[in-house]
Amino acid sequence: MLDTVMLGLGFAGGLIYLAAYFSLTRGWVSGSSYLFHGTSVFSCIMIAASSAYSQAWPSAVMNVIFIIVGAVFMAKKAIDDRRSYPTTVVDASELTYQSEEPELTAAA
């Protein structure tokens, strides 16, 4: 029973990765997106587990490397994204209305 589950896990991982790669080549997702790399990491985990269970060590090791590459990319992207977004919460007491006095009178 476990043999069948692990074999299915490997096939499912391969199909998930194929779908991610197809989406990338069709332009539906970006090669630098969390969706693509997250799907890639998820599918590689499935394939690595199946490969390790089957003692297909070259495949298992390569998929672990792909997992590390994808995880490191997503971590670096998350750090860069966090740094690039300015803080959006502003204390209301710091807000000022910037307009010339004549414009305020004309608007009233």
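Only the coordinates and a few stated rules stand behind these numbers; no lab work does. Only a predicted model underlies this, so the values are computations on that prediction, with no experimental measurement involved. Backbone-built Cβ (ideal geometry, glycine too); neighbour counts: all protein chains shown.
Restricting attention to region 1-32, the residues that are surrounded by 14 or more Cβ atoms within 10 Å (Cβ to Cβ) and aromatic (Phe, Trp, Tyr) add up to 2. Go through the residues of region 41-51 one by one and say whether even a single one is in contact (Cβ under 8 Å) with a residue 12 or more places away in the chain, more than 25 Å from Met1 (Cβ to Cβ) and assigned to a helix (DSSP H, G or I). Yes. Considering only region 26-39, how many residues are within 20 Å of Val69 (Cα to Cα) and out of contact with any Phe, Trp or Tyr (no Cβ under 9 Å at 6 or more places or on another chain)? So the answer is 5.
Evaluated against (1) out of contact with any Cys (no Cβ under 6 Å at 6 or more places or on another chain); (2) in a helix (DSSP H, G or I), Gln55 falls short on exactly one condition, (2).
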